[in-house]
Structure formats: structure tokens, C-alpha cells
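Below is one structure, written out as C-alpha cells; the observations come after it.
The values are calculated or read from the model by the stated rules, or taken from the named source; none is laboratory data. Just so you know, these numbers come straight off a predicted model, no measurement behind them. Methodologically, a virtual Cβ is constructed for each residue, glycine included, from the backbone with ideal geometry; neighbour enumeration extends over all protein chains shown. Note: areas computed on protein heavy atoms with side chains; ligands, DNA, RNA excluded. Shrake-Rupley method; radii C 1.70, N 1.55, O 1.52, S 1.80 Å.
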Amino acid sequence: MAIKDPRVVPLGLMERDAALEGVFEPVRPPTTFEETVERLGTAIRLGLLAPGSRLPSERGLADQLGISRSTLRLALTTLVQSGHLVSSRGRTGGTFVAERPPLSERDARRLGEEARAVLDYRVAIELGATTLAAERASAEELDRLDLLVKKMAGANEFEYYRRVDIRFHIGVAEAARSPRLVRAMTEVQGQMSDLIAMIAHPEQVLTHSNEQHRQLVTLLRRGDGPGAMRLMREHIEGTEHILAGLI
């Protein structure tokens, strides 16, 4: 197939070193979408996928990563929306690495350190609140969480979804019956909003995230602390993968 720009070289023709081979190893569940975004985004930032280079075909790339084509499309859409990839149609079209991906190396390093500190803090607060909520939450508090899940399911705009999402996580801390945890959760959610604003928010991602919210409330009703903690950690990890790939 012809290529419209002589600088654009199909990935299959590139020299495949060990680092680049690692980019295309099969992705592990359950966070296949998020890990795909992280894998490709990191490879772009590190220069393993050079600016202007063409990614393999959708079918070929999905096979290499061991994921469905629908999951791959979602990851590629996120990376296009974030400015890491560009997509074009037609005989010379395809998915290409952007000539100038966002964030310089210097900015990425500083932002990465700050983001990691916030993410670590979030893990401590969210898992602690989830554990205590499984032990202490009242039926009324859990009903309020269920109502917030329904509101997120009906959200038409990300800004509204995110406001309700913040209220949900603060609600988990309230169900833990710890005023200090509520203050800490409010603080960390504010810090997370600054990071989340930097990434794309495809509808399918929000739907998946809200399904985890729904499952979490179910586990809290059962008083299943270990199960709720595992789910919350998976929920947080999905955001971590996307942020790691993009910033």
C-alpha cells in the first residue's frame, strides 16, 4: 500500500528490537483497554514508536496484543483524542504516530512524579474507606450510592459525570463513618480531577467505570470487605494505566 509521506514507514518494516517487541506482547486482563493505552502511549513517549510511523493493521495489532478489535479501537480512539495518534482514511490512510506527541520529556518527567504521588495517596485513602464502608455502611448510605450510580449512567456530558463520580467516592468515605477520611477523600478527588482533565473520556470507558461502581455497592451491601477492596483496586488501576501511558 502506498504511503503519502516518505517519512511514514509501516511498523512492520521497522527494525524490531527487544524493547519494541515488548510493546506488542499480549495484554493481560482485566484492564486490557487501560493497559493497551499505557503500552502504546508509553512507547510513543519513549520514541519506540517514532513520530510519523504507521501502526499495524487493526486486525494484526489486535492479534499481537491478544485483545478484541473493539477494545483496540477504544484504546486507539483515546490516543487519537489525546493527540498521541492521528487517523486518516482512504488508500493511503491508517493510524499513525503524531509528528509531535503532547508533553515534552521534561514536562512529562515532572508531571509523572507529581501524578504518582497523587495516585499513591489515592490508593491509601480509597482502599481504607472501602474497607471501613464494608463494615459500617448503613442501608441509607448505600441507597445514596446506588442513586449516584444511576445518575452517572444517565450522564450526557463528562463534566456532569465527573461531578457525580466525585460525590460517589466521597460517599464511600462517608459510609466509612470517618470525618478525617471524608476530608482526605475530598482532597484527593480534587487532585485527581486535575489529572483526569488531561486525558480523553470515551463513553465506553465511563460505562465500564460506572459498572464497577455498581458492583462495588453490591459488595458493600454484602459486607464483603476483601471483595470490595479488590474491585476498588482494579477500578483505580484502570485510571493509573491510562495516566501512565499519556502523561
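Condition check: among the aliphatic types (A, V, I, L, M), out of contact with any strand residue (DSSP E or B) (no Cβ under 8 Å at 6 or more places or on another chain), within 13 Å of Leu132 (Cα to Cα) and modelled with pLDDT of 95 or more. Does Val149 satisfy that? Steps first, answer last, please.
Values: among the aliphatic types (A, V, I, L, M): yes; out of contact with any strand residue (DSSP E or B) (no Cβ under 8 Å at 6 or more places or on another chain): yes; within 13 Å of Leu132 (Cα to Cα): no; modelled with pLDDT of 95 or more: yes.
No: the conditions fail for Val149.
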Subset of the stretch 82-94, residues surrounded by fewer than 14 Cβ atoms within 10 Å (Cβ to Cβ) and either under 21 Å from Val37 (Cβ atoms) or of a type in the set (Gly, Ala, Ser) (or both), comes to Ser87, Ser88, Gly90, Gly93
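Each row is one residue, and each column tells you yes or no for (1) at pLDDT 90 or above; (2) of a type in the set (A, V, I, L, M).
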| residue | (1), (2) |
| --- | --- |
| Val172 | yes, yes |
| Met185 | yes, yes |
| Gln189 | yes, no |
| Ile199 | no, yes |
| Gln204 | no, no |
| Leu216 | yes, yes |
| Leu219 | yes, yes |
| Thr239 | no, no |
Taking Ile196 as the residue in question, decide whether it is in contact with a Lys or Arg (Cβ under 8 Å, 6 or more places away or on another chain), open to solvent by less than 60 Å² (accessible area, probe 1.4 Å), closer than 20 Å to Lys151 by Cβ and not acidic (Asp, Glu).
yes
Is it the case that Leu111 is open to solvent by 40 Å² or more (accessible area, probe 1.4 Å), at pLDDT below 85 and hydrophobic (A, V, I, L, M, F, W, C)?
no
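Examine the stretch 96-113 for a residue that is out of contact with any strand residue (DSSP E or B) (no Cβ under 7 Å at 6 or more places or on another chain) and over 30 Å from Val188 (Cβ atoms), and state whether such a residue exists.
Let us first name the residues in the stretch 96-113 that are out of contact with any strand residue (DSSP E or B) (no Cβ under 7 Å at 6 or more places or on another chain), namely 99-113.
Pick out the ones that are also over 30 Å from Val188 (Cβ atoms) and you get 99-100.
Checked the stretch 96-113: at least one residue is out of contact with any strand residue (DSSP E or B) (no Cβ under 7 Å at 6 or more places or on another chain) and over 30 Å from Val188 (Cβ atoms).
Can you confirm whether Thr77 is within 15 Å of the chain's Cα centre (by Cα) and either farther than 22 Å from Glu203 by Cβ or open to solvent by less than 40 Å² (accessible area, probe 1.4 Å) (or both)?
Numbers: within 15 Å of the chain's Cα centre (by Cα): yes; either farther than 22 Å from Glu203 by Cβ or open to solvent by less than 40 Å² (accessible area, probe 1.4 Å) (or both): no.
Against the criterion (within 15 Å of the chain's Cα centre (by Cα) and either farther than 22 Å from Glu203 by Cβ or open to solvent by less than 40 Å² (accessible area, probe 1.4 Å) (or both)), Thr77 does not qualify.
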Selection from the stretch 202-247 of residues that are open to solvent by less than 20 Å² (accessible area, probe 1.4 Å), β-branched (Val, Ile, Thr) and within 16 Å of Leu145 (Cα to Cα)
Val217
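Scanning the stretch 140-164 for residues that are in a helix (DSSP H, G or I) and either touching an Asp or Glu at 6+ places or on another chain (Cβ under 6 Å) or of a type in the set (A, V, I, L, M) (or both), which turns out surrounded by the fewest Cβ atoms within 10 Å (Cβ to Cβ)? Step through it out loud before you land on a result.
Narrowing the stretch 140-164 to residues in a helix (DSSP H, G or I): 140-153, 158-164.
Checking which are either touching an Asp or Glu at 6+ places or on another chain (Cβ under 6 Å) or of a type in the set (A, V, I, L, M) (or both) leaves us with 142, 145, 147-149, 152-153, 164.
Numbers: Leu142: 18, Leu145: 23, Leu147: 13, Leu148: 22, Val149: 19, Met152: 21, Ala153: 15, Val164: 20.
Here the answer is Leu147.
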Scanning the stretch 223-247 for residues that are in contact (Cβ under 8 Å) with a residue 12 or more places away in the chain and among the charged types (D, E, K, R), the one nearest to Arg177 (Cα to Cα) turns out to be Asp224
